[in-house]
Amino acid sequence: MGAAAIHADKVVNVKMAESEHTLLKAYCASVNRSMQDVLRDFTLMEIQKQHFCCRLVRSLMEEHCVDQDPRVEKPCAGYACYYCRHAEACKAGETELLYIPRQEIRQLVTEESAYIFDFDGSSIDRPS
């Protein structure tokens, strides 16, 4: 009689300087996410961004049954997802639109980056 596979969540401890921890904690609070969620999101996105060019990453993802995130091929994938109007639809693979910032972050954006509020989802290029 075979034993049923048990899939338990794994815990990873990350050592960092006190100042880095404080920064991470404050950042996570600002995006209303746990440190665990932010570290997981950022780590998996960075690994998956290599899928298009790295045989090893492709093989590892297949071997470990990790599905590719539909956002990974978009140039805006990463931290911008936390501030995007259509983040949930994008994560579900339901839209081809690129980053469109939520208006409520306007006060956080520097003057030199205010052009992002002109994005319509077709490009994230800085205007010339």
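I'd like to verify a number: residues in region 97-128 that are charged (D, E, K, R) and either open to solvent by less than 40 Å² (accessible area, probe 1.4 Å) or touching a residue at least 12 places away in the same chain (Cβ under 8 Å) (or both), how many?
Start the filter on region 97-128 by keeping residues that are charged (D, E, K, R), which leaves 102, 104, 106, 111-112, 118, 120, 125-126.
Next, only the ones that are either open to solvent by less than 40 Å² (accessible area, probe 1.4 Å) or touching a residue at least 12 places away in the same chain (Cβ under 8 Å) (or both) stay: 102, 120.
The qualifying residues number 2.
So which residues in region 34-52 are open to solvent by less than 90 Å² (accessible area, probe 1.4 Å) and part of a loop (DSSP other than H, G, I, E, B), if there are any at all?
Step one: of region 34-52, the residues open to solvent by less than 90 Å² (accessible area, probe 1.4 Å) are 34-35, 37-39, 41-45, 47-51.
Residues satisfying the conditions are S34, K49, Q50, H51.
Out of region 85-96, which residues are open to solvent by 70 Å² or more (accessible area, probe 1.4 Å) and out of contact with any Lys or Arg (no Cβ under 7 Å at 6 or more places or on another chain)? Can you show your working first?
So in region 85-96, the residues open to solvent by 70 Å² or more (accessible area, probe 1.4 Å) come out as 85, 88, 91, 94, 96.
Matches in region 85-96: E88, E94, E96.
What single numbered condition from (1) part of a loop (DSSP other than H, G, I, E, B); (2) open to solvent by 80 Å² or more (accessible area, probe 1.4 Å); (3) hydroxyl-bearing (S, T, Y) fails to hold for S19?
Failed condition: (1).
Out of Y27, Y82, report the one residue that is surrounded by 15 or more Cβ atoms within 10 Å (Cβ to Cβ), at pLDDT 95 or above, of a type in the set (F, W, Y) and part of a helix (DSSP H, G or I).
On the way: Y27 fails: surrounded by 15 or more Cβ atoms within 10 Å (Cβ to Cβ).
One residue alone meets the criteria, Y82.
So is P75 open to solvent by 70 Å² or more (accessible area, probe 1.4 Å), over 19 Å from D41 (Cα atoms) and not in a helix (DSSP H, G or I) or not?
On the way: open to solvent by 70 Å² or more (accessible area, probe 1.4 Å): yes; over 19 Å from D41 (Cα atoms): no; not in a helix (DSSP H, G or I): yes.
Here the answer is no, as P75 does not meet what is asked.
Would you say V57 is of a type in the set (A, V, I, L, M), out of contact with any His (no Cβ under 6 Å at 6 or more places or on another chain), open to solvent by less than 80 Å² (accessible area, probe 1.4 Å) and within 21 Å of K91 (Cβ to Cβ)?
On the way: of a type in the set (A, V, I, L, M): yes; out of contact with any His (no Cβ under 6 Å at 6 or more places or on another chain): no; open to solvent by less than 80 Å² (accessible area, probe 1.4 Å): yes; within 21 Å of K91 (Cβ to Cβ): yes.
No, not satisfied.
Identify, from the list E73, E63, the residue that is at negative phi, modelled with pLDDT of 95 or more and acidic (D, E).
Details: E73 fails: modelled with pLDDT of 95 or more.
The match here is E63.
Return the pair list, or none, for Cβ contacts closer than 8 Å from residues in region 42-59 that are touching a residue at least 24 places away in the same chain (Cβ under 8 Å) to residues that are open to solvent by 70 Å² or more (accessible area, probe 1.4 Å) and part of a helix (DSSP H, G or I), at least 6 apart or on different chains.
What qualifies is F42/Y79.
The values are calculated or read from the model by the stated rules, or taken from the named source; none is laboratory data. Since this is a predicted model, take the numbers as computed values, not measurements. All Cβ positions, glycine included, derive from the backbone under ideal geometry; neighbour counts span all protein chains shown. Each accessible area value is taken on the protein alone, full model and side chains, heavy atoms only, with ligands, DNA and RNA left out. Shrake-Rupley method; radii C 1.70, N 1.55, O 1.52, S 1.80 Å.
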